[in-house]
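Quick note: the coordinates plus some simple rules give every number you see, no bench work behind them. All values reported here derive from a predicted model rather than from experimental measurement.
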Amino acid sequence: MRLENLGWFRVAIWMLWSDRNQGVMRKNRRDGSRIMREAKIYAESFIANIEAKDYVHALIINSRWSPPPVGLYKINVDGGWREGQCIGGLGCVVRDVNSCFMASFSKGNTRALNVVVCEALAARDALAFALDIGLSKVVLEMDSSVATNAIKYPDRELSELMRTRVYIKSLGQRLQHFEVQQSARSYNKVAHVLAKKTLDFSNMIVWMEGAPDDIVHLLLDVGTYISSSSLALVGSLR
C-alpha cells in the first residue's frame, strides 16, 4: 500500500470510529461514503501541508505589508472557516502603489470542505472581483502556504482544489499581469477580519472608495491611505 493511501486509510478508520461513538449519543450517524470522502480530503490536505515546506524556498514570503510595484495593484485575501459546518467567509482588500485603499469585500455562507479550500475560493473570488472593477495587473497576496503553493505549482495533487485551480488559472489568463505572493499571517489581518465578518451572513458586501470602520485601524497600522468617503454595496457585482 502506498504511503498516502495508508494515511488516508488510517484517517478513515479514525473518522468511522469517532462517528460510531458520537452516534451512540446523538442517535444519528453520517453516511459512510461521506465519511470516506472527508477522510481522503483531510489526509491529502495534511500531506500537502507537510510537503509545502519543500516549496517555501521558491515563494516570496513578505515579512511585512508593502505596496505593489508601479503599475500594479495588490490584493490581499483570506478565508475564515467554521469547522463542523463546512461554511466559510471570504475577505479581500485592494490597494495601489501609493498604499491607497481602493476596494474590499466580505462574502459569507460559502461552502468549503476545509480551510485550504476556503483560502483558494477567496483567491478565486478576489481575481473575479479585480476583473469586475477594471483591474488588469495584480499581485495576489495570501498567508496560506498550502493554498499559495497550490496556485503557483498546479502539478501538485490536491483533488479538492482541482476545479478551483482551473478557474483561478482561467481568470489569471484574462489579466495582463498576475503573480502570487505569500505574506506573514500577522500582515494579512485586514483580509482576515473581512473574511470573518460575514461568516453568519449570506450576502456579499463590497466597499468602494472608503473602508469599513472595523478595519480602518488595521489599514492605518500598515500605512494605508483611506478616503474620507465610503460606499458599501450589498450583493454581488457579477
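Taking the Cα centre of each part, how many Å lie between region 165-198 and region 90-134? What the calculation gives is 6 Å, centre to centre.
Classify region 61-234 as rounded, prolate or oblate from the Cα gyration tensor: take a ≥ b ≥ c as the square roots of its eigenvalues, call it rounded if a/c is under 1.5, otherwise prolate when a/b beats b/c and oblate if not. Cα axes put region 61-234 in the oblate bin. From the cross-link list Lys169/Lys189; Lys74/Lys152; Lys74/Lys189; Lys107/Lys152; Lys137/Lys197; Lys169/Lys197, which pairs have alpha carbons spaced over 22 Å apart? Check vs 22 Å cut-off fails for Lys169/Lys189; Lys107/Lys152; Lys137/Lys197; Lys169/Lys197. 3J(HN,Hα) couplings calculated from phi for region 172-184 with the Karplus curve 6.51 cos²θ - 1.76 cosθ + 1.60 (θ = phi - 60°) are, in sequence order, x, 5, 7, 8, 6, 9, 8, 9, 10, 10, 10, 10, 5 Hz; Gly and Pro show x.
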